[in-house]
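Notes follow once the structure below has been shown.
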Amino acid sequence: MSWIRVAAAIGVVVGAGAGLYITTKYLQNNHKQVQRIRNAKRKYRDLLAQLSESKKTLNRIDSMLLPEAEQVVELQTNVTTDSRIDEKSRKVLLEIGEEILRLMENIDSVAPALIVEAAGLEPWTEHDLDLKQSAIRQGYGVVLELAGDVRAIRKSLIQKAERRAKRIDTLKSKLEHEP
């Protein structure tokens with residue numbers, strides 16, 4: 001009878017040890033996942049701050065630089081040819097064009113794949129259906145959503161910057177074609 005008690009005690013200890021081991025492994029894996037998601041969210045905030053700065057630059061171009069350029073071109077077309085005004089007009093348009101180019105470079109440097117990579121996933125996870133489904137099953141769906149948000153904001157800013165660049169090109173061609 002005592003050997004049955006000893007065997008039962010050993011069984012209880014082994015069962016408790018196995019349960020403790022499994023729980024510990026689960027908590028370790030969960031901790032790794034939480035850390036990776038936190039890293040992805042931190043990268044998301046950094047990229048959003050960068051996009052916010054780009055948006056401020058775009059707003060400054062809209063509110064200050066484009067009206068100035070339009071005013072300078074309008075002045076140039078209404079005034080007889082004066083080389084100083086002509087040179088100033090070209091300089092203003094060139095500066096705005098360079099500003100838009102820098103803006104587009106800043107926007108382009110924001111890569112949504114950096115969020116996915118910060119979570120410890122492969123950067124192309126969003127584009128490969130099997131990897132994407134696997135990441136969602138593992139609990140990384142929120143990371144893919146964050147990357148999608150950044151991609152949408154980035155696309156919108158790029159489109160707006162391209163429209164401003166086209167407007168500057170239109171003003172340049174108007175300035176060049178005026179006698």
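The values are calculated or read from the model by the stated rules, or taken from the named source; none is laboratory data. This one's a predicted model, so the numbers in the text were calculated from it and none came from an experiment. Positions of Cβ are generated from backbone atoms using ideal geometry, with glycine treated the same way; all protein chains shown enter the neighbour counts. Heavy atoms of the whole protein, side chains included, go into the accessibility calculation; ligands, DNA and RNA do not. Shrake-Rupley method; radii C 1.70, N 1.55, O 1.52, S 1.80 Å.
A few remarks follow.
- Count of residues meeting criterion [more than 27 Å from residue 60 (Cβ to Cβ) and either of a type in the set (Lys, Arg) or outside any helix (DSSP H, G or I) (or both)] in segment 136-177: 4
- Hits in segment 1-42 - residues which are modelled with pLDDT of 85 or more and charged (D, E, K, R): 32, 36, 38, 41, 42
- Positions within segment 112-132 being touching a residue at least 60 places away in the same chain (Cβ under 8 Å), surrounded by fewer than 20 Cβ atoms within 10 Å (Cβ to Cβ) and not in a helix (DSSP H, G or I), in sequence order: 120
- Which numbered condition residue 81 fails, given (1) modelled with pLDDT under 90; (2) surrounded by 10 or more Cβ atoms within 10 Å (Cβ to Cβ): (2)
- Whichever residue in segment 133-179 is of a type in the set (Gly, Ala, Ser) and in contact with a Gly (Cβ under 9 Å, 6 or more places away or on another chain) and, among such residues, is surrounded by the fewest Cβ atoms within 10 Å (Cβ to Cβ): 165
- The residues of segment 134-155 that are small (Gly, Ala, Ser) and within 12 Å of the chain's Cα centre (by Cα), listed by number, are 147, 148, 152.
- Failed item in (1) open to solvent by 40 Å² or more (accessible area, probe 1.4 Å); (2) in contact (Cβ under 8 Å) with a residue 24 or more places away in the chain, with residue 67 passing the rest: (2)
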